[in-house]
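The values are calculated or read from the model by the stated rules, or taken from the named source; none is laboratory data. Since we're looking at a predicted model, the values are computed, not measured. Neighbour counts are summed over all protein chains in view; Cβ atoms, including those assigned to glycine, are modelled from backbone coordinates with ideal geometry. Side chains are part of the model used for accessible areas, which takes the heavy atoms of the whole protein and leaves out ligands, DNA and RNA. Shrake-Rupley method; radii C 1.70, N 1.55, O 1.52, S 1.80 Å.
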Amino acid sequence: MLKFISGRLLQAIPVLFIVITATFFLIHSAPGGPFSADRAVPAQVIKALNARYHLDQPVWQQYLTYLGDLAQGDFGPSFKFPGRSVNEMIFGSLGTTAELGLYAMLVAVIIGVLAGVVAALKPNTAQDYVPMSVAMVGICMPSFLLGPLLVLVFGIYLEWLPISGWGDIPGDKILPAITLGASYAAYIARLSRGGMLEVMTQDYIRTARAKGLPEHIVIIKHALRGGLMPVIAFLGPAFAGLLAGSFVVETIFQIPGLGRFYVQAAFNRDYTMIMGTTIFFSVTIILFNLLSDILATWINPKLRHQSGGAES
Amino acid sequence: MMFKTQHGLLCLLLLILTACGSGESNVSKGNREGILHWGNAAEPQELDPHVVTGVPEHNIIMALIEGLVSKNPTTLEPIPAVAESWSVSEDGRVYTFNIRSTARWSNGDPLTAEDFAWSWRRALLPELGNQYAYMYYPIVNAEAFATGELQDFSQVGVKVISPLSLQVTLTHPTPFFLQLLDHYSMFPVHRATIEKFGQPGEANTLWTRAGNFVGNGPFMLEQWDLNKVVKVKKNPQYWDASTVRLNGIYFYPTENVTTEERMFRAEQLHYTYDVPIEKIAVYQREKPQQIKISPYLGTYFYRFNTRLKHLSDVRVRKALAMSIDRKSLVENVLKAGQLPAYTITPPNTLGYTASSQLRYDPAAARTLLAEAGYKDGEGFPVTEILYNTHEQHRKVAVAIQQMWKKELNINVRIHNQDWKVYLDSESSGNFQISRASWIGDYVDPNSFLDMWLTGGGNNRTGWSNKTFDYLIQNVAPSAKTKKQRYAAFQEAESILTDELPIIPIYTYVSKHLVHPSVKGLSSNILDTLYFKYMYLEPESEPRSAIKP
């Protein structure tokens with residue numbers, strides 16, 4: 001297992017290097033610089049700003065300087081927010097985004113797995129069609145539509161829940177978590193239904209039933225383990241996606257998270273912030289993919305055997 | 001697994017239960033505690049008055065720092081602030097400010113003339129990169145110091161006469177100089193605090209963080225949570241603290257105008273930065289007392305690239321300008337009370353309303369186009385309108401595209417670009433016709449006219465007119481009376497609206513949603529906020545949300 005993990009981590013290094021290099025040169029070649037403004041900026045001001053951020057150096061030199069700083073864990077100062085470093089901005093808002101992602105994942109897994117299992121128990125009946133149709137709507141409905149809808153119903157009309165903020169008013173985390181988690185819940189529902197349907201026809205399930213085990217024990221103890229394999233494989237990339245894709249939800253609900261920086265940085269040509277968030281999300285995606293592989297290997301004895309090796 | 005699922009469900013249930021019955025709204029709590037909840041559009045870049053450039057930063061800084069002179073919140077006439085009085089020499093070049101002895105920094109330090117001289121020197125340091133350094137340029141040698149040509153600040157026209165007396169010498173008489181002093185780029189900063197956290201010319205130190213910030217305004221910085229809220233509280237050291245009735249203001253970075261409107265409806269905000277276009281009619285119909293629309297010192301216009309062959313012909317430019325039905329545009333497309341514009345300077349800019357020979361006359365426009373060699377639009381090159389990506393700009397461009405097709409039978413393409421790309425295209429002359437706007441830095445026609453000087457950084461049209469330059473650079477500054485000065489501006493503006501390197505389209509309005517409990521909020525054409533006069537008076541009527 002250790003060999004498997006270290007192998008995967010080593011593979012990540014060239015991937016990250018390519019991401020960093022491509023992003024760096026792409027953003028520097030995009031038209032419009034970080035200091036272009038509506039009002040003409042005097043030449044000496046541009047000169048001072050360029051010197052402050054080393055933009056007066058050739059791009060390759062900036063790239064090497066950036067790599068050097070990065071090796072020391074320094075993402076550099078933000079161009080848009082002069083008094084803040086990218087490290088401070090990323091790590092200062094990461095907690096909020098991670099918390100939002102976690103709650104959304106909780107919503108997605110609980111609703112998704114329940115709906116998927118319920119549907120798989122009686123395939124091609126109303127018990128299957130209803131949750132799966134809802135799931136299809138969930139997949140199709142973008143968060144920028146679902147969020148405002150939930151706000152209108154539960155926040156404005158019924159006045160049950162706060163419509164914005166994060167940790168200010170009790171309950172203000174519920175609507176964002178549901179909005180962000182909904183489409184993932186829908187995916188998970190379809191995945192767990194498919195997984196369960198496949199497993200339920202396996203010999204070992206028939207054996208369990210033949211032993212006279214009650215149905216709920218058969219499902220929970222035997223079927224779920226195999227049936228949820230596709231879901232587990234999905235969880236890693238999904239969580240990384242939740243973190244990186246929280247921009248819309250953070251904007252709708254006025255949440256001080258990382259996702260907002262990610263998109264704004266590109267519009268503002270905040271070079272260091274674009275680099276910082278891209279690298280951060282790349283690392284997140286790589287790590288969560290690895291985590292989900294480890295989890296899948298741990299749950300599935302067949303995979304464990306394949307990746308096996310002496311050390312596990 | 002069963003146990004884990006039950007556990008998860010229980011957690012979710014608990015989460016939901018704790019949520020319901022969320023209690024008091026921000027507005028009702030704020031009214032009780034004297035806290036104003038303010039929609040402020042964006043996370044402030046910084047709170048250093050010599051570094052920032054945006055309106056959200058301006059709003060917060062107006063609460064935290066005060067300059068020598070303030071303005072009447074309605075008329076915008078200069079009124080005493082840190083300076084309790086001032087005198088102007090007969091030739092209009094030397095201003096002597098008497099600083100009030102009760103002026104204090106928020107940490108209790110006395111505020112002196114030396115503070116201003118030091119702060120202004122800092123604001124002009126080339127390495128600081130202050131984008132508003134040009135606000136100081138009327139002062140003798142300020143430009144030379146800001147561009148690094150002059151190293152010795154004692155040669156700049158700023159002189160400390162005594163701890164409470166500051167003398168400022170201008171190159172030319174500048175009637176709007178007092179107006180500039182209320183711009184944040186001319187505000188004082190606390191020397192000891194800045195030096196504690198870095199060099200004066202450093203723009204990225206920690207002096208503006210809560211706990212470090214020292215200001216001299218009616219409020220002081222209490223808390224600054226990134227992307228969440230900036231909280232300010234009443235400053236007991238402020239010289240006019242008895243006038244300040246609010247205990248604090250919470251500024252929220254409400255980037256999304258739709259979210260902001262929903263927050264207002266749910267009573268989480270007293271005031272919004274903007275109003276979504278589609279909601280204007282709803283509020284005007286159902287809650288007219290909550291929507292505030294006022295004239296704004298800004299003009300929406302199109303720039304011509306006069307370096308291009310067909311657009312270098314003034315007859316073509318006139319034909320295009322004369323075939324836009326501005327009245328229809330503001331009434332049917334924009335719908336927020338904007339005014340059709342036929343001049344670049346908005347009407348009643350401190351008593352100046354320019355007249356214009358420009359009018360809506362499609363028949364005359366067709367004749368002009370025919371004279372230019374494009375009868376019935378035949379042979380007219382396909383021309384492109386460039387705009388930065390935004391729904392409203394698209395709507396305006398589509399409407400104008402249709403008007404030109406209908407009236408002149410010419411084909412126009414519309415093309416949008418991301419903001420920074422658009423800026424790059426415009427400043428490098430890589431456009432044919434581009435959308436633009438200009439918001440006055442101060443209330444004076446000069447703010448709208450000096451940008452069209454030959455080779456000016458904001459001109460970008462390639463247009464040049466020597467008479468125009470002479471009027472703006474020589475005649476207006478040396479005018480003895482306001483009447484003479486405005487006459488020079490009118491003459492210059494007539495040249496501009498006759499040659500039309502730009503097409504004025506409409507004059508902006510400011511739009512806000514304001515809770516009825518907010519009092520003392522005056523409107524002015526700069527949409528500048530003077531928080532010290534504001535207060536909250538809870539209304540008796542119960543909450544009633546608008547149901548769209």
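Data for the structure
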read-out	value
Residues B:Val333 and A:Leu149, FRET efficiency given R0 of 22 Å [Cβ-Cβ distance, rounded to 0.05]	0.20
With every protein chain in place, chain A: carbon and sulfur % of accessible area (1.4 Å)	70 percent
Amide H contacts under 5 Å for B:Gln223, placed H, 5+ residues apart	B:Lys231
From phi via Karplus (6.51, -1.76, 1.60), per-residue ³J(HN,Hα) for the range B:37-42 in Hz, x at Gly/Pro	9, 10, x, 10, 6, 7
Between the range A:56-120 and the range B:163-194, the Cα center-to-center distance that results, in Å	42 Å
Gain in span if fully extended, B:Val88 to B:Lys395, counting 0.36 nm per residue against the direct Cα distance	105.6 nm
Distance between the range A:272-296 and the range A:121-179 - C-alpha centres, whole angstrom	27 Å
Spin-label model distance (nm) - B:Glu278 vs B:Glu371, 7 Å beyond Cα toward Cβ	4.6 nm
Paramagnetic reach from B:Ala144 in the range B:449-484 [backbone N under 18 Å; point 7 Å along Cα→Cβ]	none
Estimated FRET transfer efficiency when R0 is 41 angstrom, pair B:Val55-B:Ala363 (beta carbons, to 0.05)	0.45
Restricting the range B:347-437 to GluC sites (Glu not before Pro) in coil, as DSSP defines it, with at most 15 other Cβ within 10 Å	B:Glu378
Estimated vicinal HN-Hα couplings, Hz - the range B:326-339 in sequence order (Karplus 6.51, -1.76, 1.60; Gly, Pro = x)	5, 4, 5, 4, 6, 7, 9, 9, 8, 6, 10, x, 4, 9
Selection of GluC sites (Glu not before Pro), the range B:122-188, meeting DSSP coil and at most 16 other Cβ within 10 Å	B:Glu149
Considering only chain B, percent of DSSP beta bridges that pair antiparallel, nearest 5	80 percent
Helix runs (DSSP H) in chain B reaching 18 Å along axis by Cα, Kyte-Doolittle at least -1.0	B:2-19, B:391-408
Nearest-ten-degree value, helix A:2-29 long axis tilted from longest Cα axis of chain A	40 degrees
Paramagnetic reach from B:Asn474 in the range B:435-467 [backbone N under 19 Å; point 7 Å along Cα→Cβ]	B:450-456, B:464-467
Placed amide H near B:Gly337: partners under 5 Å, 5+ positions off or other chain	none
Net charge contributed by nearby residues that have their C-beta within less than 13 Å of A:Phe267 (K/R +1, D/E -1)	+1
Amide H contacts of B:Arg104 (H built 1.01 Å from N, under 5 Å, at least 5 apart or other chain)	B:Leu111, B:Trp239
Rounded to whole Hz, the Karplus (6.51, -1.76, 1.60) HN-Hα couplings of the range B:203-210, x for glycine and proline	9, 10, 9, 9, 5, 8, 6, 4
Between A and B, accessible area buried - total, square angstrom, nearest 100, 1.4 angstrom probe	5400 Å²
Under 18 Å from A:Lys3, Cα to Cα: aspartates and glutamates that are on another chain or at least 8 residues apart	A:Asp293, A:Glu311
Cα-projected label distance for A:Ile299 with B:Asn72, points at 7 Å along beta-carbon direction, nm	7.3 nm
Helical mean residue ellipticity (222 nm; -39500 (n - 2.57) per DSSP H run of 4+; nearest 500) of chain B	-8500 deg cm²/dmol
Contour minus Cα-Cα distance for A:Ser29 and A:Phe17 (0.36 nm per residue)	2.5 nm
Nearest-0.05 FRET efficiency for A:His54 and B:Asp498, computed from C-beta distance (R0 60 Å)	0.80
Per residue accessible area in Å² of the range A:94-270, where ligands, DNA and RNA are left out and the probe is 1.4 Å	41 Å²
Relative contact order of the range A:94-270, defined on C-alpha pairs under 8 angstrom at six or more residues apart (%)	32 percent
Chain A: angle of helix A:271-299 to the longest principal axis, Cα-based, in degrees nearest 10	20 degrees
Out-of-range pairs (alpha-carbon distance over 31 Å; input B:Lys234/B:Lys482; B:Lys71/B:Lys233; B:Lys292/B:Lys466)	B:Lys234/B:Lys482; B:Lys292/B:Lys466
Overall dimensions of the range A:94-270 by Cα: Rg and Dmax, Å	18.7, 65
Within a Gaussian network of chain A (alpha carbon springs, distance under 10 Å), most fluctuating of A:Leu149, A:Leu235, A:Leu100	A:Leu149
0 to 90° range, to nearest 10: angle between helix A:229-244 axis and chain A longest Cα axis	20 degrees
Point-to-point label distance, A:Tyr63-B:Ala487, nm (Cα→Cβ direction, 7 Å offset)	6.4 nm
Across B:Lys279/B:Lys335; B:Lys327/B:Lys406; B:Lys196/B:Lys228, pairs whose alpha-carbon gap is larger than 22 Å	B:Lys196/B:Lys228
Between the range B:32-101 and the range A:184-234, the Cα center-to-center distance that results, in Å	68 Å
Restricting the range B:352-404 to trypsin sites (Lys or Arg not before Pro) in coil, as DSSP defines it, with at most 15 other Cβ within 10 Å	B:Arg359
Rel. contact order, % - alpha carbon contacts under 8 angstrom, at least six apart, chain B	18 percent
